[in-house]
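**Student:** After the structure tokens below, expect a handful of questions from me.
The values are calculated or read from the model by the stated rules, or taken from the named source; none is laboratory data. The structure displayed is predicted, hence computed values, not measured ones. Every residue, glycine as well, gets a Cβ built from its backbone with ideal geometry; the counts of neighbours run over all protein chains shown.
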Amino acid sequence: MKYYDFRSDTVTQPTDRMREVMANAIVGDDVYEDDPTVKKLEAMSAEILGKEAALFVPSGTFGNQLAILTHTKRGDEVILGHDCHIVMHEVGAAAVISGVQLRQVPTVNGNINPSAVEKMIREKDIHYPDTGLICMENAHSNGTVISVKNMSKIYDVAKKHDIPVHLDGARIFNAAKALDVSPNEIASQTDSVMFCLSKGLCAPVGSILAGSQDFVEKARKMRKLMGGGLRQVGFLAAAGIVALEDMVDHLTVDHENAKYLAERLSEIEKVEVLDSRLDINMVFVKFHKEVEAEHFVETLLGKGIKINGPEEGEYRFVTNYWTDRASVDNLVDAIKNYI
């Protein structure tokens, strides 16, 4: 059976061109820094983001946690939004790997109030931890994008107090498309940024962590400490190069398909589309009817449609390169029939 997968944009398969370049990639041992293909990917990524250097890492969570480990010392405090990916979906890794605590700022649709951030910055006191890092997320994993203006205000606060800023930019290219700005405009409001090649950009594996030359040199050693020193990684980096060359512009289509999905779902009685969080390729809905989650998911699976169960009462449907209007219609019809 052919399946249509709306669980996430992480489920994307590599394109034919990616498979071809992976098979023919020129590679070397990247721990010795002699893999030309990964070097090309890192240089491309740094240039796109307007940063001095970049580093290939296995995953987005790895990249975020590597950034925290590189920026902070044990016992530091990290300020970030209460509903960001680092807090919600990274398994408490910051406590385990970096030995830091997370001080969470309440957000509104992912937006952090800059004055609230400033109030949480610790004074110098024997009883207080040091504020070692501020983290932002854009695009946010709740489906929204954060304005460059908001990010700039937070970055100004950080510079005022000499605190580095890291951006979880797993979907930074989605954010750039939604905001109609270049990725480096977003990245310019941060000291380091991570983005994923393996979500909507369709590469099979990998993310990028970028920042200053000094930051990346330190992060390279910390990557080895975390078990992320890879060898002939050029086979993966080759797909990442294609992702940057071929896939970024297609994200606009993913966004359009998500809006189409939202419009179709809003026609169904007892389905509420959370349209305030419809900036990128994600559609969040609530059902105003008793729905047994496991049965619902299994029923759709039987029709060749993969979805996740609800989180905090919300279902999330994600469009990607491999979902078209016909697959969206199939999903809507299946949900309508079930409801």
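**Student:** Name the residue that is nearest to Thr70 (Cα to Cα), counting only residues in region 182-200 that are outside any strand (DSSP E or B) and hydroxyl-bearing (Ser, Thr, Tyr).
**Tutor:** Thr190
**Student:** How many residues are over 26 Å from Thr15 (Cα atoms), of a type in the set (Gly, Ala, Ser) and either touching a helix residue (DSSP H, G or I) at 6+ places or on another chain (Cβ under 8 Å) or surrounded by 14 or more Cβ atoms within 10 Å (Cβ to Cβ) (or both) when one looks only at region 294-330?
**Tutor:** 1
**Student:** Test of understanding: among Glu217, Glu290, which residue is surrounded by fewer than 21 Cβ atoms within 10 Å (Cβ to Cβ), of a type outside the set (Val, Ile, Thr) and not assigned by TED's automatic domain parsing to the domain that holds Ile86?
**Tutor:** Exactly one of Glu217, Glu290 is surrounded by fewer than 21 Cβ atoms within 10 Å (Cβ to Cβ), of a type outside the set (Val, Ile, Thr) and not assigned by TED's automatic domain parsing to the domain that holds Ile86, namely Glu290.
**Student:** From the list Ile186, Ile163, Ile241, which one is buried (at least 24 other Cβ atoms within 10 Å of the Cβ) and either of a type in the set (Lys, Arg) or at negative phi (or both)?
**Tutor:** One residue alone meets the criteria, Ile186.
**Student:** I'd like to know if region 249-258 contains one or more residues that are touching a His at 6+ places or on another chain (Cβ under 7 Å) and surrounded by 13 or more Cβ atoms within 10 Å (Cβ to Cβ).
**Tutor:** No: region 249-258 contains no residue that is touching a His at 6+ places or on another chain (Cβ under 7 Å) and surrounded by 13 or more Cβ atoms within 10 Å (Cβ to Cβ).
**Student:** Give Val181, Val145 a once-over and let me know the one that is surrounded by fewer than 20 Cβ atoms within 10 Å (Cβ to Cβ) and either modelled with pLDDT of 95 or more or of a type outside the set (Val, Ile, Thr) (or both).
**Tutor:** Exactly one residue qualifies, and that residue is Val181.
**Student:** Going by what's in this entry, would Ala54 be described as under 18 Å from Ala243 (Cβ atoms) and either surrounded by 24 or more Cβ atoms within 10 Å (Cβ to Cβ) or in contact (Cβ under 8 Å) with a residue 40 or more places away in the chain (or both)?
**Tutor:** Criteria met by Ala54.
Rundown of residues vs (1) closer than 16 Å to Val193 by Cβ; (2) in contact with a helix residue (DSSP H, G or I) (Cβ under 7 Å, 6 or more places away or on another chain); (3) among the acidic types (Asp, Glu), yes/no style:
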{"position": "Pro14", "(1), (2), (3)": "no, yes, no"}
{"position": "Lys51", "(1), (2), (3)": "yes, yes, no"}
{"position": "Val57", "(1), (2), (3)": "yes, yes, no"}
{"position": "Leu69", "(1), (2), (3)": "yes, yes, no"}
{"position": "Cys84", "(1), (2), (3)": "yes, no, no"}
{"position": "Val87", "(1), (2), (3)": "no, no, no"}
{"position": "Gln104", "(1), (2), (3)": "no, yes, no"}
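**Student:** Here's another thing I want to ask about it. Being touching a residue at least 12 places away in the same chain (Cβ under 8 Å) and of a type outside the set (S, T, N, Q) is true for just one of Lys124, Lys153, Lys119. Which residue is that?
**Tutor:** None of the other options fit; the residue is Lys153.
**Student:** For a quick check of your reading of the model, give me the residue pairs whose first member lies in region 25-51 and is within 12 Å of Gly234 (Cβ to Cβ), whose second is of a type in the set (D, E, K, R) and surrounded by fewer than 17 Cβ atoms within 10 Å (Cβ to Cβ), with beta-carbon atoms closer than 7 Å and at least 6 apart or on different chains.
**Tutor:** Gly28/Asp34; Asp29/Arg231; Asp30/Arg231; Asp35/Asp29
**Student:** Of the numbered conditions (1) outside the structural domain of Ala170 (by TED's automatic domain parsing); (2) of a type outside the set (Ser, Thr, Tyr); (3) in a loop (DSSP other than H, G, I, E, B), Asn257 satisfies every one except a single condition; which is it?
**Tutor:** (3)
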